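Student: After the structure tokens below, expect a handful of questions from me.
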Amino acid sequence: MIKLTEADCKTAMETGDFDPALVAGTAAAVILTQSWCPQWASMKTFLPKVEAELENVKIFYVEYDIEKWEGIVNEDFMKFKESKFGNRDIPYVRYYINGVYTRDSNFISPDGFKSRLGA
């Protein structure tokens, strides 16, 4: 799993989605969450295994409540996520196939996660 940078999140806030170069490739998932979320804790236990099972899949994440960003206020990122993507729940997952956004979800099982990535 790859932690999103402040620059990745700032680009999303400025353009309305994550940089196409970031999510390019066969499949990618971007997880936006907060560190305290019990469903996120559950997902963190199975995501490394899913990532190892699937070839050419990138999994990105950010726990935006604990980030020490210099140019973004954590609450502003949360408001962006909730208003732009229309989802107030966490973890929030965006799925991309061949660099194109296909769908989203919240907490999901390992099999559901894999199926949304085309596996």
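Values in this text are rule-based calculations from the coordinates and carry no lab data. Just so we're clear, the structure is a prediction, and the values are computed from it rather than from any experiment. In this analysis, Cβ positions are derived from the backbone assuming ideal geometry, glycine residues included, and neighbour counts consider all displayed protein chains.
Student: Between segment 62-115 and segment 1-58, what's the alpha-carbon centroid distance in Å?
Tutor: Computed from Cα coordinates, the inter-centre distance equals 8 Å.
Student: Apply the a/c threshold of 1.5 to the C-alpha gyration tensor of segment 11-65 and tell me whether it is rounded, prolate or oblate. All intermediate terms of the calculation are to be shown ahead of the outcome.
Tutor: Numbers: a/c = 3.96, a/b = 1.10, b/c = 3.59.
Oblate, because a/c is 1.5 or more while a/b does not exceed b/c.
Student: On to the next question. Report the charge-dipole magnitude of segment 2-116 in Debye, nearest 20, computed about the Cα centre from +1 at each Lys and Arg Cβ and -1 at each Asp and Glu Cβ. Intermediate values should be presented prior to the final figure.
Tutor: Details: 14 positive and 18 negative charges, 63 e Å.
Dipole about the Cα centre, nearest 20: 300 debye.
Student: Got a sec to turn the phi values of segment 31-47 into Karplus ³J(HN,Hα) couplings, 6.51 cos²θ - 1.76 cosθ + 1.60 with θ = phi - 60°, whole Hz, x for Gly and Pro?
Tutor: 10, 10, 8, 10, 4, 7, 5, x, 5, 5, 4, 5, 5, 4, 6, 9, 4
Student: From the square roots a ≥ b ≥ c of the eigenvalues of the alpha-carbon gyration tensor of segment 1-96, which class results: rounded (a/c under 1.5), prolate (a/b over b/c), or oblate? Numbers along the way, then the final one.
Tutor: Details: a/c = 1.78, a/b = 1.27, b/c = 1.41.
Cα axes put segment 1-96 in the oblate bin.
Student: Right, something else. Tell me which residues come under 5 Å, amide H to amide H, from I59 once H is placed; ignore anything under 5 positions away on its chain.
Tutor: Long-range HN contacts for I59: I2, A29.
Student: While we're here: Over 25 Å between C-alpha atoms is what I'm after, so list which of K44/K114; K68/K114; K58/K81; K10/K68 land there.
Tutor: Numbers: K44/K114 14 Å; K68/K114 31 Å; K58/K81 20 Å; K10/K68 13 Å.
With Cα atoms farther than 25 Å apart: K68/K114.
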